[in-house]
Amino acid sequence: MTLVLRAACFVLSTISVGAFATSAFAHAVLERDHAPAGSFYKAVIGIPHGCAGTATHTIRVLMPDGVRQPKPMPKPGWSLETRLEKLAASYDWYGTTITEDVREIVWSGGSLRGDFYDEFVFMVKLPDTPGEILYFKTVQTCENGEHRWVEVPEPGKTLGHDAEPAPSLTLTKPEASH
């Protein structure tokens, strides 16, 4: 392969990776989009920008059905709230019957400038259903407007270019234990 051809391949691959990263960077996304079913999962949602150039002051994340025991990570300078809901069906959590669980996490009162990036972190226990896709609907409220990262594609379809997709996680087969 000639030096010119190698250089051209490098430039094209760099451009395509850059285009993908820019496209993904435009949305709220999970740092890892696959995890073993039934495992504990550290969710890291990246917020890539503000709203119309203004600062973000509130992030709300709704828990999908089947997710258990959400535990958010506090952020310095932000207030943290969890909202409990009564469950349709209780479950056993290490000998304790759980009848209500966290269904929403809210970070508020902070200030994430419109041209900055930040991450919001929480831990959950995932359902034991390999192949399922979970959607963590996220609402980002700013000084001027909001982004509702809540759109979910219909089965077998994709969302349009202008959509605000909910961050998604695909459950994989559980990892073998030792």
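Worth pointing out:
- Pairs from the table (71/173; 125/173; 42/125; 71/137; 42/75) lying more than 18 angstrom apart at Cα are 71/173.
- Prolate/oblate/rounded call for the stretch 48-178, Cα gyration tensor, a/c under 1.5 rounded: oblate
- Taking 0.36 nm per residue of separation and subtracting the Cα-Cα distance, full extension of the segment from residue 42 to residue 161 would add 40.0 nm.
- Spin-label model, residue 151 to residue 52: label points 7 Å out along the Cα-to-beta-carbon direction sit 1.9 nm apart.
- Exposure rank, largest accessible area first [169, 87; 1.4 Å]: 87, 169
- Shape call, the stretch 135-178: gyration tensor on alpha carbons, a/c limit 1.5: oblate
- Summed side-chain charge close to residue 146 - residues other than residue 146 whose Cβ falls under 15 Å, Lys, Arg +1, Asp, Glu -1: 0
- A straight line joining the Cα centroids of the stretch 30-94 and the stretch 104-153 runs 7 Å.
- The stretch 64-178, accessible area per residue, ligands and nucleic acids excluded (1.4 Å, Å²): 62
The values are calculated or read from the model by the stated rules, or taken from the named source; none is laboratory data. Because the structure is predicted, anything quoted here is derived from the model rather than measured. Neighbour counts run over all protein chains shown; Cβ positions are idealised from the backbone, glycine included. What goes into the accessible areas is simple: the full protein's heavy atoms, side chains included, and nothing from ligands, DNA or RNA. Shrake-Rupley method; radii C 1.70, N 1.55, O 1.52, S 1.80 Å.
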